[in-house]
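*Asks:* Take a look at this one; I'll ask things after.
The values are calculated or read from the model by the stated rules, or taken from the named source; none is laboratory data. This structure is a prediction, so every number in the text was calculated from the model and none was measured. Cβ: placed from backbone, ideal geometry, glycine included. Neighbour counts: every protein chain shown. Only protein heavy atoms, including side chains, enter the accessible area calculation; ligands, DNA and RNA are left aside. Shrake-Rupley method; radii C 1.70, N 1.55, O 1.52, S 1.80 Å.
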Amino acid sequence: MKIAILSDVHGNLEALTAVFQDMRGRAVERIFFLGDAVGYGADPGPCIELLEKSAFLFVAGNHDLAAANDQDRLECFHEDAATAIRWTRGTLAQEAKERLRRLPLEWREEGVHLVHGSPYRPDRWEYVMSAKEAERGFGASDSTVIFVGHSHVPAAYIEVERKRLFTGVIRRIRGADPASLRLEPPFRYLLNVGSVGQPRDGDPRAAYAVFEPESGRYTMLRVAYDVERAARKIRRAGLPEGLAERLKTGN
Ligand code: ZN
């Protein structure tokens, strides 16, 4: 079975549509979504709808919950992010917010763990950007494969040897494009699938991953989309200019 793992769409319908198109060509059978359907981009409602319709599993991101909870004071967000969340609150239907509020923070099934930030206290939205943070994530999970998003930077960490009950030596794998790995037991993997709607690794193309549990094959993919159109919609919505500009550089 081919499973696509997507994260951080952030209201970018152009990027999401392009990824769906790409998935069709790869005969993907199931979609796991790691959260942040909304925030930053101009199409939060349509993105939620498309993901709800197609994703087999959908866990909450910090922007999803902040946009769904009007009383959240947004202290943890940068200025542009907070502005976009306030705008998103005004745009989303109440029913959509209710559905976002009901999303689970994580999902564990058959050796696979899905979470937006880190398995370590999912409600704290910790980033996994270093071996140390990956170690903390491995320590909070007993799954063989952990999929995360949140940082918008694709990354792969492998636990090559267990020292203690749960964590061991963690290495970061640096990969080519498209990076392909074969996930093999007894090793464990923590994989950041990057961001569909607002990549921050210097490559403006949408990022997502395909995983085949039977063979262990994991592939990171990039998909070009109409960045100009997504940026234009952000401007037209009156959202901060920086949110439109950063789509072009992928930073
Ligand atoms: Zn995000």
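*Asks:* I need the phi-derived Karplus couplings for region 189-199: 6.51 cos²θ - 1.76 cosθ + 1.60, θ = phi - 60°, integer Hz, Gly and Pro marked x.
*Replies:* 10, 10, 10, 9, 8, x, 10, 5, x, 7, x
*Asks:* For the residue pair residue 98 and residue 73, what label-to-label distance in nm results when each label sits 7 Å from Cα along the Cα-to-beta-carbon direction?
*Replies:* Here the answer is 2.9 nm between the modelled labels.
*Asks:* Cβ neighbours within 10 Å, averaged per peptide: list 45-53, 203-211, 101-109 in order, most packed at the top.
*Replies:* Ranked from most to least packed, the peptides come out as 203-211, 45-53, 101-109.
*Asks:* Now a separate question. How big is the gap, in Å, between the Cα center of region 205-223 and the Cα center of region 122-136?
*Replies:* So the two Cα centres are separated by 21 Å.
*Asks:* Something else now. Report the normalised scattering of the chain as log10 I(q)/I(0) at q = 0.14, 0.15 Å⁻¹, calculated by the Debye formula with identical scatterers on the alpha carbons.
*Replies:* The calculated log intensity ratios at q = 0.14, 0.15 Å⁻¹ are -0.86, -0.99.
*Asks:* Express in nm, to one decimal, how much length is gained between residue 161 and residue 182 on full extension, taking 0.36 nm for each residue of separation and deducting their alpha carbon distance.
*Replies:* 5.9 nm
*Asks:* So what is the accessible area of region 1-156 per residue, in Å², with the probe set to 1.4 Å?
*Replies:* Accessible surface, normalised per residue, equals 42 Å².
*Asks:* So, with a 1.4 angstrom probe, what is the percent of accessible area on the chain that is carbon and sulfur?
*Replies:* With neighbouring chains kept in place, the figure for the chain is 49 percent.
*Asks:* Between 151, 143, 215, which gets the highest mean-square fluctuation from a Gaussian network model of the chain, Cα cutoff 10 Å?
*Replies:* Per the Cα network of the chain with a 10 Å cutoff, 215 tops the list.
*Asks:* What is the chain's relative contact order, in percent, from Cα pairs under 8 angstrom and six or more apart in sequence?
*Replies:* Relative contact order comes out at 22 percent.
*Asks:* Strictly greater than 18 Å: what percent of every Cα pair in region 58-137 meets that?
*Replies:* 48 percent
*Asks:* What list of whole percents do you get for P(r) of region 171-251, with Cα-Cα distances grouped in 5 Å bins up to the one holding the largest distance?
*Replies:* 3, 14, 22, 19, 13, 10, 8, 6, 4, 1, 0
*Asks:* To continue, here is another question. Calculate the tail of P(r) for region 1-84: the fraction of all Cα-Cα distances greater than 18 Å, expressed in %.
*Replies:* Counting every Cα pair in region 1-84, those more than 18 Å apart make up 41 percent.
*Asks:* OK, next. Pulled fully out, how much extra length does the chain show between residue 130 and residue 27, if you take 0.36 nm times their separation in residues and subtract their Cα-Cα distance?
*Replies:* Length gained between residue 130 and residue 27: 33.8 nm.
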